[in-house]
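Working notes for the structure below.
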Amino acid sequence: MQQSATRDVHIESMQPLTTPRNLINALPITPMVEETVLEGREQLRKVLNGEDSRLFLVVGPCSIHSKESALEYAGRLKELSDKLSDRLLIVMRVYFEKPRTTVGWKGLIYDPHLDDSFDIEAGLRTARSLLLEIGEMGMYAGTEFLDPVVPQYLAGLITWGTIGARTTESQIHRQMASGLSMPVGFKNGTDGNAQVAVDAMLSASSPHGFLGMDVDGQTSLIRTTGNPDGHLVLRGGNAGPNFGIEAIAEAKNRLGKAGVRSQLMVDCSHGNSNKDHKQQASAFKDVVSQRVSGDNDIFGAMLESNLNEGSQRLCEDLSQLQYGVSITDACIGWGETEELLNWAYEAMGGLVSTPV
């Protein structure tokens, strides 16, 4: 290519990565995992459409940084999920990409060795292999899609996806969501504004044509049919929580005016816990109580949970990291998680029937 002083001025290097097709062939989906993913998506669609009256819950670490601890968590959650499955539909939160307000660790895909080496190829391989192992357990996985290239590598293993507060307003992410194969939640903006998420639902439900990448890494024109399974996720904002009765009524009013799905779910972390993991329980119980009291438009909730409570700073000496403790947002521990899920199960008693 012709050299030019006008191009790539601030680019230090470019490193080719394996194509999605090559990674998928190297780590192929198994019949068991395919059955798990398809089953989870179908069950979730039934919950969204009111054909299954269970409560949908997304539960798991703020971010995944250790495959070992993630698999232990998945095993525990699967065992509990099986016990509660007649009233709760549980998906594990398996987040590999972390949008940053300024700078910070960007997630396992970008920096799997936790040392700023940005070994993205290893990150993609680790993420896919972890999702396969979780799927082999029969556990459903949910994740946030941040980089529009990543779904080509991982989306076939995901039951539930979400577009985060910082990207819901992005046309690129709305286009991407319009082509994703699973139900997708759109979070309100970081300022608490739900309208951007409502607009995103409208956009993503429509067909799009846009610039993208195919499974062979070829730049392509991507045409989509639109995703009919978009929904609103309330996560609070800079002004505080938005899970109360009045805030939810206002959100449903916006959804009604836009003519989109009225069902919504609540993220009990972030702004809805005032960024204090100890407040997640009160938000969760409030939301579930609203559902139990008759608000069937509240179809689900989310908890940030890990094996152990709290958070820790990422340090140079990785041997000093505590096992099962978040290196991003603080999480509730497993004991409290189990207690809350059992409480939700009891609260939902008598209101639901065993799903068909």
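The values are calculated or read from the model by the stated rules, or taken from the named source; none is laboratory data. What you see is a predicted model, and the numbers here were worked out from it, not measured in a lab. Please note: Cβ atoms are built from the backbone with ideal geometry, for glycine as well, and neighbour counts cover all protein chains shown. Surface accessibility is based on the protein's heavy atoms, side chains included, excluding ligands, DNA and RNA. Shrake-Rupley method; radii C 1.70, N 1.55, O 1.52, S 1.80 Å.
Worth pointing out:
- Residue ID - most open to solvent (accessible area, probe 1.4 Å), chosen from residues in region 160-206 that are without any contact (Cβ under 8 Å) to a residue 40 or more places away in the chain and under 14 Å from residue 237 (Cβ atoms): 169
- Filter result for residue 212 (touching a strand residue (DSSP E or B) at 6+ places or on another chain (Cβ under 8 Å), at pLDDT 95 or above, part of a strand (DSSP E or B) and surrounded by fewer than 23 Cβ atoms within 10 Å (Cβ to Cβ)): yes
- Candidate set: region 221-241, residues that are over 13 Å from residue 175 (Cβ atoms) and among the small types (Gly, Ala, Ser); chosen: the one surrounded by the fewest Cβ atoms within 10 Å (Cβ to Cβ): 239
- Looking only at region 95-126, and only at residues there that are free of Cβ contacts under 8 Å to residues at least 60 places away in the same chain and of a type in the set (A, V, I, L, M, F, W, C), the one that is farthest from residue 189 (Cα to Cα): 122
- Region 308-344 - residue that is assigned to a helix (DSSP H, G or I) and touching a Ser or Thr at 6+ places or on another chain (Cβ under 9 Å) and, of those, surrounded by the most Cβ atoms within 10 Å (Cβ to Cβ): 337
- Residue count for region 177-216, restricted to those that are of a type in the set (Phe, Trp, Tyr) and farther than 14 Å from residue 227 by Cα: 1
- Being touching a residue at least 24 places away in the same chain (Cβ under 8 Å), out of contact with any His (no Cβ under 7 Å at 6 or more places or on another chain), more than 30 Å from residue 215 (Cα to Cα) and surrounded by fewer than 23 Cβ atoms within 10 Å (Cβ to Cβ) holds for only one residue in 55, 84, 77, and it is 84.
- Test: residue 129 is surrounded by fewer than 20 Cβ atoms within 10 Å (Cβ to Cβ), among the polar types (S, T, N, Q), within 18 Å of the chain's Cα centre (by Cα) and in a helix (DSSP H, G or I): yes
- Residue identified as open to solvent by less than 60 Å² (accessible area, probe 1.4 Å), in contact with a Gly (Cβ under 7 Å, 6 or more places away or on another chain) and touching a residue at least 24 places away in the same chain (Cβ under 8 Å) among 305, 269, 289: 305
- Extreme residue, farthest from residue 305 (Cα to Cα), among residues of region 132-153 that are of a type outside the set (D, E, K, R) and within 13 Å of the chain's Cα centre (by Cα): 151
- When region 156-197 is filtered for residues that are in a helix (DSSP H, G or I) and hydrophobic (A, V, I, L, M, F, W, C), the ones remaining, listed by number, are 157, 172, 176, 177, 196, 197.
- Failed item, numbered, when residue 315 is tested on (1) modelled with pLDDT of 95 or more; (2) over 24 Å from residue 240 (Cα atoms): (1)
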